[in-house]
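Engineer: Take this structure, written in structure tokens, and hold onto it; I'll ask about it next.
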Amino acid sequence: MLPLKILWSLLLGRRMRHVAIKGRTEERLLMVVGLGNHGMGSTRHSVGMVAVNLLARRLNIADQWKTDKQSKADIVQTQIDGLQLVLLKPRQFMNINGHSVAKAAEKFNLTPEYIYLLHDELDKPIGKVSLKLGGSARGHRGVRSCIECLQSDIMVRLLIGIGRPPDHSSVVRHVLEPFTRPEQEILPQVLEQGLDKLLAHIRQRASLASAESNVTIKNAGSNPSKS
């Protein structure tokens, strides 16, 4: 899993060393955001929210969502392998999702490298998912809003393919429509595969953080005092 180790060293090494030295476990926190339009969870554009709901069910916290007025979002928290994990669903329209994400980042003292964005992807066919390290929004208004509000494009993203309209009709109409019945039949398996990728990535970060913390503590304890 070399790419993930490279990702870890680039994004988290310096901050996790600081955490280990200071012993501040509260900074070992990640946030997973399901992008979408609040109240329109059945549409293609809100598939990120569907995914984060499924993640909450996997983690047995689906009954613990609470509305946070500061961020205008639904939030639930848990732990994975020593890392604090915050799940978030903005209670706003897609094109201003970033306001909720930025407010929650401020609330939990998070910088962008600790944030995952789950969202629909027109340029991937239905049935395809992938993890992507940052990059431009490429026309996705929810991602663009997050980039603008966080002033960074480094967030890790889970791209969930919804495909483009086959008849070259309106993209806006396409993303705001519900999945077709054939799409609904394959969607659960697709989302499970996506969450497998996401959780593997999170657990690798947790494992590397723990290993680095242990090395730091060991090195600190092995320094002989001068007589």
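Engineer: Tell me the per residue accessible area of the stretch 89-177 using a 1.4 Å probe; a whole number in Å² is fine.
Structural biologist: On a per-residue basis, 47 Å².
Engineer: Check which residues have an amide H placed less than 5 Å from F179's amide H, if you skip close sequence neighbours.
Structural biologist: Amide H to amide H, under 5 Å and 5 or more residues apart or across chains, F179 pairs with R44.
Engineer: If packing is taken as the average count of other Cβ atoms within 10 Å, what order do 177-185, 160-168 fall into, highest mean first?
Structural biologist: Details: 177-185: 11.9, 160-168: 15.3.
Highest to lowest by the protection proxy: 160-168, 177-185.
Engineer: Leaving ligands, DNA and RNA out of it, work out the accessible area of D123 with a 1.4 Å probe and give it in Å² to the nearest 10.
Structural biologist: Estimated to the nearest 10 Å², D123 gives 80 Å².
Engineer: Each residue of the stretch 188-196 in order: what ³J(HN,Hα) in whole Hz does its phi give by Karplus 6.51 cos²θ - 1.76 cosθ + 1.60, θ = phi - 60°, with x for Gly and Pro?
Structural biologist: Coupling constants for the stretch 188-196: x, 5, 4, 5, 4, 4, x, 5, 4 Hz.
Engineer: Amide H to amide H under 5 Å from V32: which residues, 5+ apart in sequence or cross-chain, H placed 1.01 Å off N in plane?
Structural biologist: Correct list: V86, L87, L88, Y116.
Engineer: Could you please state, rounded to a whole Å, how far the C-alpha centre of the stretch 134-159 is from the C-alpha centre of the stretch 170-187?
Structural biologist: First find each Cα centre; the distance between them is then 23 Å.
The values are calculated or read from the model by the stated rules, or taken from the named source; none is laboratory data. A quick note: this is a predicted structure, and the numbers were derived from the prediction, not measured. A quick note on method: Cβ atoms are made from the backbone with ideal geometry, for glycine too, and the neighbour counts reach across all protein chains shown. Just so you know, the surface numbers come from the protein's heavy atoms only, side chains and all, with ligands and any DNA or RNA stripped out. Shrake-Rupley method; radii C 1.70, N 1.55, O 1.52, S 1.80 Å.
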